[in-house]
Amino acid sequence: MTGEDRAIRSGPGRVLVAVYGVFALAATSRAGVQIATKFGEAPLAYLLSAVAAVVYIVLTVALARGARRVAVAACLVELAGVLVVGTLSLVDAKAFPQATVWSGYGSGYGFVPLVLPVVGLFWLLRRRH
């Protein structure tokens with residue numbers, strides 16, 4: 001691991017690791033409960049919450065280990081997920097009878113899921129020399 005890779009875990013990078021860690025825990029818990037207790041009500045929404053949880057776990061680990069390429073790829077997947085699911089949840093609300101982490105562009109989480117991958121990509125790409 002290079003000094004540059006270690007640098008993405010310092011300063012604001014530590015804050016990103018912490019925030020992604022909280023989102024990984026929250027999304028995993030939410031998806032687990034939803035899938036275990038009421039999967040039949042909205043399987044698509046609950047599976048998408050599980051996908052979001054996996055993305056947040058990957059991002060947390062990648063950022064903590066300084067794995068820049070994995071973190072950038074996961075941020076791009078997250079951003080695409082937020083934009084696609086956010087748009088679909090507004091265009092076809094019947095397809096999403098229950099909210100996902102990314103529904104309404106993350107409105108249930110104060111739009112943090114929309115802002116977070118942009119901040120993450122900025123941090124990861126700004127640090128590249």
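Note the angle between two axes, namely the Cα long axis of helix 112-126 and the longest principal axis of the Cα atoms of the chain, as a number of degrees from 0 to 90, rounded to the nearest 10.
20
Suppose only helical runs count, i.e. DSSP H with n ≥ 4. What mean residue ellipticity at 222 nm does that imply for the chain under -39500 (n - 2.57) per run, divided by all residues and rounded to the nearest 500 deg cm²/dmol? All intermediate terms of the calculation are to be shown ahead of the outcome.
Numbers: 5 runs with 94 residues, N = 129.
After summing the helix terms and dividing by the residues of the chain, the value is -25000 deg cm²/dmol.
From the C-alpha gyration tensor of region 64-109, pull out the three semi-axes of the equivalent ellipsoid (sqrt of 5λ each), sorted largest to smallest, in whole Å.
Sorted largest first and rounded, they come to 26, 10, 7 Å.
So what's Rg/Rh here for the chain, counting alpha carbon atoms and using the Kirkwood radius for Rh? Present the calculation step by step, with values, prior to reporting the outcome.
Numbers: Rg = 15.1 Å, Rh = 14.8 Å.
That ratio is 1.02, to two decimals.
A short reminder: the numbers here are calculations on the coordinates, not readings from a lab. Since this is a predicted model, take the numbers as computed values, not measurements.
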